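Enquirer: My structure is below; once you've seen it, I'll send some questions.
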Number of protein chains: 2
Amino acid sequence: MKEKTKSSKKVYECSFMELYEDQVILSNKKISERVYVKHPGAAAILPITTDHKIILVKQYRYPIGMENLEVPAGKKDDLNEDSLLCAKRELEEETGHITSEMIFINRIYPCVGYSNEYIDLFIAKNCVKIDHPKAMDEDENIETFFYTIDEVKMLLKTNQINDGKTLLLLQHYLLDELK
Amino acid sequence: MKEKTKSSKKVYECSFMELYEDQVILSNKKISERVYVKHPGAAAILPITTDHKIILVKQYRYPIGMENLEVPAGKKDDLNEDSLLCAKRELEEETGHITSEMIFINRIYPCVGYSNEYIDLFIAKNCVKIDHPKAMDEDENIETFFYTIDEVKMLLKTNQINDGKTLLLLQHYLLDELK
C-alpha cells in the first residue's frame, strides 16, 4: 500500500510551513502527484482551573473569516521542541495560567490529505492564574472565557464549537467524566 | 477583532486547493501577513450497518507516511456541491454501502490557522451493501473494516485512531450512546 517518492519539489515556504509537490509511485505502479504542507507540529491544551472551570479562548481566524472559540494551542517553535514545553508556553501566553499537571492524551492528525501536521493533545488540570505571564505573539488578540462543565455541554449541544482540536478535547473530557 | 484584508495574492494552486498570501490590518492597526489554503470543503461519514457494525477504511496517507484508519471522507467536487451528495458519493465509493438515513451532525474546521477547509460530519445509519457501487478515484487504494462498538472503544482506548475527523465522529457517537 505504501506510495514511493519518485521526486520531491518545494514549491513554497513561509514562516510556519513548506509546501511540496511530489511525484509518487502507487502500489499499482501508476504515477500520481501529492501536494502537501510540511508543518513543525503543534500542541493543544484543555485547561481546567482549580475550581473546575474550563478555559476557552476566542480569536479572529482570518482563513475562515470569523471569531472562533477554541482551546489554547500553538505550533512548535521548531521541529525539535518538546510538545510538553510547547503546551506549557501556549497555556501561559494565551490564558495567563500555569499548571504542573499537564497530561498527554493523544497525537492527532487534523488534515491527513494535504498536511503532515500533528497536534499533541493535553489536559491541564488544576490550572492557576499567575501575575506576570509571558506575553503572547504580537499579532495575536485573544480573549479568555471560563465555563462550567454544564455550560460546555450546552455549547456542544448547540453546535457552538466548530474547531476540530477543541471539539476533540472537550468530547474526550466528557467521555472520561461519563466513564 | 476583525482583521481587514489590505491585499491578497494567490501564490500557488493545484487540483484541490489554492494558496494565498494576504496582507491584513489587525485591530491594533498593525500590518501582518496571513498565508492560508482555500479549499472547497469536504464531508466525512460514520457508517453504521444494519447489523450495528461501524465501517472504517484504511489507506496510505502520503503526507504522514503511513496507513491510517479513518471514516470514509472526501472533498467536494466543487464549491457548489451539496455536502449531503458528497457524503453519499464518498460512502458508496469507499465502502460499497448506501443508506437513506444520512444524519448531519456538525460543520467543523480542522485547520483554522492556515486553511478555510470545513468538514461536514454525518452519521449514516442502517447502511446496506450494494452489488455494483461507483468506482473510487483511480489513485485511491482503500480497504474496509467492520467493527463492533466494543472494538471501537478498544481502538480509542489504545490510541489507535489518530485522524481528527474520525475521532470526532467516533467520540460523538459514543457520547450519544451514553446519554
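Enquirer: Could you check, for the stretch B:95-111, whether at least one of its residues is out of contact with any His (no Cβ under 6 Å at 6 or more places or on another chain), in a strand (DSSP E or B), away from every other protein chain (no Cβ under 14 Å) and more than 23 Å from residue B:41 (Cβ to Cβ)?
Expert: no
Enquirer: Take the residues in the stretch B:61-94 that are without any contact (Cβ under 8 Å) to a residue 12 or more places away in the chain and within 11 Å of chain A (Cβ to nearest Cβ), then tell me which one is nearest to residue B:120 (Cα to Cα).
Expert: So the residue we want is B:61.
Enquirer: For the condition in contact with a Ser or Thr (Cβ under 8 Å, 6 or more places away or on another chain) and at pLDDT 95 or above, what is the one hit in B:99, B:95?
Expert: Values: B:99 fails: in contact with a Ser or Thr (Cβ under 8 Å, 6 or more places away or on another chain).
Of the residues listed, the single one that is in contact with a Ser or Thr (Cβ under 8 Å, 6 or more places away or on another chain) and at pLDDT 95 or above is B:95.
Enquirer: Let me ask something additional. Name, by its number, the condition in (1) at pLDDT below 95; (2) farther than 30 Å from residue B:67 by Cβ; (3) outside any loop (DSSP other than H, G, I, E, B) that does not hold for residue A:176.
Expert: (2)
Enquirer: For the stretch A:114-162, how many residues meet the condition of being farther than 21 Å from residue A:93 by Cβ, hydrophobic (A, V, I, L, M, F, W, C) and crowded, with 20+ Cβ neighbours inside 10 Å? Please lay out each step first, then the result.
Expert: Taking the stretch A:114-162 as the starting set, the residues that turn out to be farther than 21 Å from residue A:93 by Cβ are A:114-116, A:148-162.
Retained after the next criterion (residues that are hydrophobic (A, V, I, L, M, F, W, C)): A:149, A:152, A:154-156, A:161.
Remaining after also requiring crowded, with 20+ Cβ neighbours inside 10 Å: A:161.
Looking only at that region, the number is 1.
Enquirer: Looking at (1) at pLDDT below 95; (2) of a type outside the set (Gly, Ala, Ser); (3) buried (at least 18 other Cβ atoms within 10 Å of the Cβ); (4) under 30 Å from residue A:32 (Cβ atoms), which one does residue B:26 not meet, given that it meets all the others?
Expert: Exception for residue B:26: condition (4).
Enquirer: Could you say which residue among A:81, A:13 is acidic (Asp, Glu) and either touching a Cys at 6+ places or on another chain (Cβ under 6 Å) or assigned by TED's automatic domain parsing to the domain that holds residue A:149 (or both)? Walk me through it before giving the result.
Expert: Numbers: A:13 fails: either touching a Cys at 6+ places or on another chain (Cβ under 6 Å) or assigned by TED's automatic domain parsing to the domain that holds residue A:149 (or both).
Going through A:81, A:13 in turn, the sole match is A:81.
Enquirer: Also: Name the residues in the stretch A:30-41 that are in contact with a Lys or Arg (Cβ under 9 Å, 6 or more places away or on another chain) and either open to solvent by 10 Å² or more (accessible area, probe 1.4 Å) or farther than 15 Å from residue B:111 by Cβ (or both), would you?
Expert: Residues satisfying the conditions are A:31, A:38, A:39, A:40.
Enquirer: A follow-up question, please. If residue A:131 passes every condition in (1) within 13 Å of chain B (Cβ to nearest Cβ); (2) over 17 Å from residue A:43 (Cβ atoms) but one, which one does it miss?
Expert: So the condition that residue A:131 fails would be (1).
Enquirer: Suppose the filter is more than 25 Å from residue A:131 (Cβ to Cβ), surrounded by fewer than 20 Cβ atoms within 10 Å (Cβ to Cβ), β-branched (Val, Ile, Thr) and modelled with pLDDT of 95 or more; does residue A:64 pass it? Break it down into steps so the answer makes sense when it comes.
Expert: Values: more than 25 Å from residue A:131 (Cβ to Cβ): yes; surrounded by fewer than 20 Cβ atoms within 10 Å (Cβ to Cβ): yes; β-branched (Val, Ile, Thr): yes; modelled with pLDDT of 95 or more: yes.
Against the criterion (more than 25 Å from residue A:131 (Cβ to Cβ), surrounded by fewer than 20 Cβ atoms within 10 Å (Cβ to Cβ), β-branched (Val, Ile, Thr) and modelled with pLDDT of 95 or more), residue A:64 qualifies.
Enquirer: Does residue A:111 count as more than 17 Å from the chain's Cα centre (by Cα), buried (at least 23 other Cβ atoms within 10 Å of the Cβ) and at negative phi?
Expert: Details: more than 17 Å from the chain's Cα centre (by Cα): no; buried (at least 23 other Cβ atoms within 10 Å of the Cβ): yes; at negative phi: yes.
No.
Enquirer: Return the total of residues in the stretch B:132-179 being without any contact (Cβ under 8 Å) to a residue 12 or more places away in the chain and in contact with a strand residue (DSSP E or B) (Cβ under 7 Å, 6 or more places away or on another chain).
Expert: Selection size over the stretch B:132-179: 3.
Enquirer: Quick test of your reading of the structure: residue B:85 fulfils all but one of (1) open to solvent by less than 30 Å² (accessible area, probe 1.4 Å); (2) closer than 25 Å to residue B:171 by Cα; (3) not basic (Lys, Arg). Name the failing condition by number.
Expert: (1)
Enquirer: State all residues of the stretch B:29-60 that are hydroxyl-bearing (Ser, Thr, Tyr) and within 12 Å of another protein chain (Cβ to nearest Cβ); if no residue qualifies, say none. Reasoning before the result, please.
Expert: From the stretch B:29-60, those hydroxyl-bearing (Ser, Thr, Tyr) are B:32, B:36, B:49-50, B:60; that's our starting set.
Listed by number, the residues that qualify are B:32, B:36, B:60.
Enquirer: Looking only at strands (runs of 3 or more DSSP E) that lie completely in the stretch A:34-89, which have at least 2 residues being under 30 Å from residue A:2 (Cβ atoms)?
Expert: Working: elements: A:42-49, A:54-61, A:66-70, A:73-75.
In the stretch A:34-89, A:42-49 are the strands (runs of 3 or more DSSP E) which contain 2 or more residues that are under 30 Å from residue A:2 (Cβ atoms).
Enquirer: OK, next. Looking for whichever is touching a Pro at 6+ places or on another chain (Cβ under 9 Å) and under 30 Å from residue A:12 (Cα atoms) here; the options are A:125, A:76. Which one fits? I'd like the intermediate steps shown before the answer.
Expert: Details: A:125 fails: under 30 Å from residue A:12 (Cα atoms).
Just one listed residue meets the conditions, A:76.
The values are calculated or read from the model by the stated rules, or taken from the named source; none is laboratory data. For clarity, every value in this text was computed on a predicted model and none was experimentally measured. Reconstructed Cβ throughout: ideal geometry from the backbone, glycine too, with neighbour counts over all protein chains shown. To get the accessible areas, we keep the full protein, side chains included, count just its heavy atoms, and leave off ligands, DNA and RNA. Shrake-Rupley method; radii C 1.70, N 1.55, O 1.52, S 1.80 Å.
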